[in-house]
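S.K.: If you scroll down you'll find the structure; I have some questions about it.
The values are calculated or read from the model by the stated rules, or taken from the named source; none is laboratory data. Keep in mind it's a predicted model, so treat the numbers as computed, not measured. Cβ coordinates were reconstructed from backbone atoms using ideal geometry, including for glycine residues, and neighbour counts include every protein chain displayed. Note: accessible area is taken over every heavy atom of the protein model, side chains too, but ligands, DNA and RNA are not part of it. Shrake-Rupley method; radii C 1.70, N 1.55, O 1.52, S 1.80 Å.
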Amino acid sequence: MYRADISGAGAATPGALVAVHDERGRLLGTALYSSASQIAIRLISQTVVTDLTSLLHRRIQEATSYRERVVRDSNAYRVVFSEADFLPGLIVDRYNDILSLQILTQAMDAELAREAIIAELKTLQPAAIFERVDAHIRELEQLSSRSSSLVYGEKMETVVSLNEVQFHYDARHGQKTGAFLDQRENYAAAAGYAHGEALDVFCYQGGFALHLARNCAKVTGVDSSRPALEMADRNAALNSNEIEWIEANAFDLLRDYSGAGKKYDTIVLDPPAFAKSRKALETAMRGYKELNLRALKMLRPGGVLVTCSCSYHVSPAEFTEMVAEATQDAHRQVRFTEIRGQAKDHPILANVPETSYLKCLICLVS
Ligand code: SAH
């Protein structure tokens, strides 16, 4: 609930556990309060909760057993995903024997909450727990500054396996907590259709590219980040793959390549979130359209386009519509062979639409 939507917070202290009542005084539930964020109240239960510590233990256990049911063929996955696991402000990712932790709100940052979280995570028997700090978020939440560091154990590097493809992991570096784990199931799905010459645009550390390499004669990955490509190259070596990495602005490269008449059999588009807010939507849609149009023009008949958007503000319907328009403009035919979303370890809650954000369409192009 946004600050603008609450009539008052009484004497609630930063990060407090508070009872939430409607204007007639009826109990709506228990929430975590933030004195700084625009999101003043994050509901954690529809009943009365007085002991946050035991709630944290129970919820982390529930999150863990959910993963046991849905995660296959991977030792890297999201263990706790904030609101989607009824633990707003807490993100935990497992990278083989290292857990990466992110604390995003006053309530989760309180000493007692931290202790409970770390104690529960230790029961998962990791070699180490590393806390990734987002300085900007700590500032917005008016939390004391802190740097990323080990909160348990010594280990900061390991190797993870996703769908039997190996990746180096370094807890200190990389975007998000290190990898885009939400795409894990889409890597395997994309590899199932990939063939011939492949281009992975916005490849980061090679998530799609390394999976495509199983079934493609040649794979090229493109990203504007040199550190990401250096890691991608180490990952390729780890899997004995030969992949060409190109450091470039994807928009420029696609314009040049499509202008030059270059052709591919498989193209992956996985850009960063163009629409960070609803206001940015129009510009974002133009960006998506340009990328998709150029990719469609560059695909040989029978080709495969894997096109993604991680912007929550772009709805699945809007995204599909954009691809349909690009198809029309490119004078091609597209079958959506798979309409996909985020991996199952990133749960989608029926009553929290914001928990569903990733779109991934696998298109067969004729
Ligand atoms: N497909 C990747 C995740 C991509 S995240 C995976 O599955 O792991 C988006 C990537 O786009 C980031 O690596 C970022 O460095 C890159 N990027 C952002 N803007 C770019 C641009 N204009 N041109 C090329 N790469 C860009």
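S.K.: If amide H atoms are built 1.01 Å from N in the plane of the peptide, which residues on other chains or at least 5 residues away come under 5 Å of the amide H of V268?
M.R.: Distant-sequence amide H within range of V268: L199, D200, V201, V306.
S.K.: Taking all protein chains in place and a 1.4 Å probe, what share, in percent, of the accessible surface of region 275-366 do carbon and sulfur account for?
M.R.: Carbon-and-sulfur percentage of accessible area, whole number: 54.
S.K.: Using the scaling law 2.2 N^0.38 Å as the reference, what is the normalised Cα Rg of region 26-129?
M.R.: Against the empirical 2.2 N^0.38 Å value, I get 1.09 for region 26-129.
S.K.: OK, next. Label-point separation (nm) for R146 and E230, each offset 7 Å from Cα along Cα-to-Cβ?
M.R.: Between R146 and E230, the label points sit 2.8 nm apart.
S.K.: While we're here: Given H placed 1.01 Å from N in the peptide plane, which residues other than close sequence neighbours of I44 have an amide H under 5 Å from its amide H?
M.R.: T30, A31, L32
S.K.: Next question, about the same structure. Residue-wise, which Karplus ³J(HN,Hα) couplings in Hz belong to region 198-207, taking 6.51 cos²θ - 1.76 cosθ + 1.60, θ = phi - 60°, and x for glycine or proline?
M.R.: Those phi angles translate into 10, 10, 9, 9, 6, 7, 6, 8, x, x Hz.
S.K.: Two decimals, Cα atoms only, Kirkwood Rh: what is Rg/Rh over region 144-300?
M.R.: On the way: Rg = 16.7 Å, Rh = 16.7 Å.
Result for region 144-300 is an Rg/Rh of 1.00.
S.K.: Hey, another quick one. Given charges of +1 on the Cβ of Lys and Arg and -1 on the Cβ of Asp and Glu, with all other atoms neutral, how large is the dipole of the chain about its Cα centre, in debye to the nearest 20? Write out the running numbers ahead of the final one.
M.R.: On the way: 40 positive and 46 negative charges, 114 e Å.
Magnitude of the dipole: close to 540 debye.
S.K.: Counting only C-alpha contacts under 8 Å and six or more residues apart, can you give the relative contact order of the chain as a whole percent?
M.R.: Numbers: 747 pairs, mean separation 42.3, N = 366.
For the chain, the relative contact order is 12 percent.
S.K.: With every protein chain kept in the model, how would you rank I91, I137 by accessible area, 1.4 Å probe, largest at the top?
M.R.: Numbers: I91 15, I137 50 Å².
From most exposed to least exposed: I137, I91.
S.K.: Dipole size in debye (nearest 20) for region 1-129 around its Cα centre, Lys and Arg Cβ +1, Asp and Glu Cβ -1? Don't skip to the end; give the middle numbers.
M.R.: Details: 13 positive and 15 negative charges, 35 e Å.
Dipole magnitude for region 1-129 comes out near 160 debye.
S.K.: What percentage of the solvent-accessible surface of region 1-132, computed with a 1.4 Å probe over protein heavy atoms, is contributed by carbon and sulfur atoms? Intermediate values should be presented prior to the final figure.
M.R.: Working: 3100 of 6190 Å².
The nonpolar share, carbon plus sulfur, comes to 50 percent.
S.K.: So, one more: Distance in nm between label sites at H173 and S45, each 7 Å beyond Cα in the beta-carbon direction?
M.R.: Spacing of the two 7 Å Cα→Cβ label points: 4.4 nm.
S.K.: Accessible area per residue for region 208-366 in Å², computed with a 1.4 Å probe and the full protein assembly in place, what is it? Present the calculation step by step, with values, prior to reporting the outcome.
M.R.: Working: 7510 Å² over 159 residues.
Heavy-atom accessible area per residue stands at 47 Å².
S.K.: Would you mind calculating the gained length between A4 and L28 on full extension (0.36 nm times residue separation, minus the Cα-Cα distance), in nm to one decimal? Write out the running numbers ahead of the final one.
M.R.: Details: separation 24, 0.36 × 24 = 8.64 nm, distance 1.73 nm.
Gain on stretching A4 to L28: 6.9 nm.
S.K.: Let me ask something else. Okay, helix-only estimate at 222 nm for the chain: each DSSP H run of n ≥ 4 adds -39500 (n - 2.57), divide by all residues, round to 500 deg cm²/dmol; what do you get?
M.R.: Values: 10 runs with 112 residues, N = 366.
After summing the helix terms and dividing by the residues of the chain, the value is -9500 deg cm²/dmol.
S.K.: Could you compute Rg(Cα) / (2.2 N^0.38 Å) for region 90-200, with N its residue count?
M.R.: The reported ratio for this selection is 1.24.
S.K.: What share of all Cα pairs of the chain, in percent, falls into each consecutive 20 Å distance bin?
M.R.: 28, 54, 18, 0
S.K.: A follow-up question, please. Tell me, what is the per residue accessible area of region 118-195 in Å², probe radius 1.4 Å? Spell out each step's value before the answer.
M.R.: On the way: 3680 Å² over 78 residues.
In whole numbers, region 118-195 has 47 Å² accessible per residue.
S.K.: Okay, moving on. Nearest 10 degrees is fine. How inclined is helix 281-298 to the longest principal axis of the chain, computing both from alpha carbons?
M.R.: Approximately 30 degrees, to the nearest 10.
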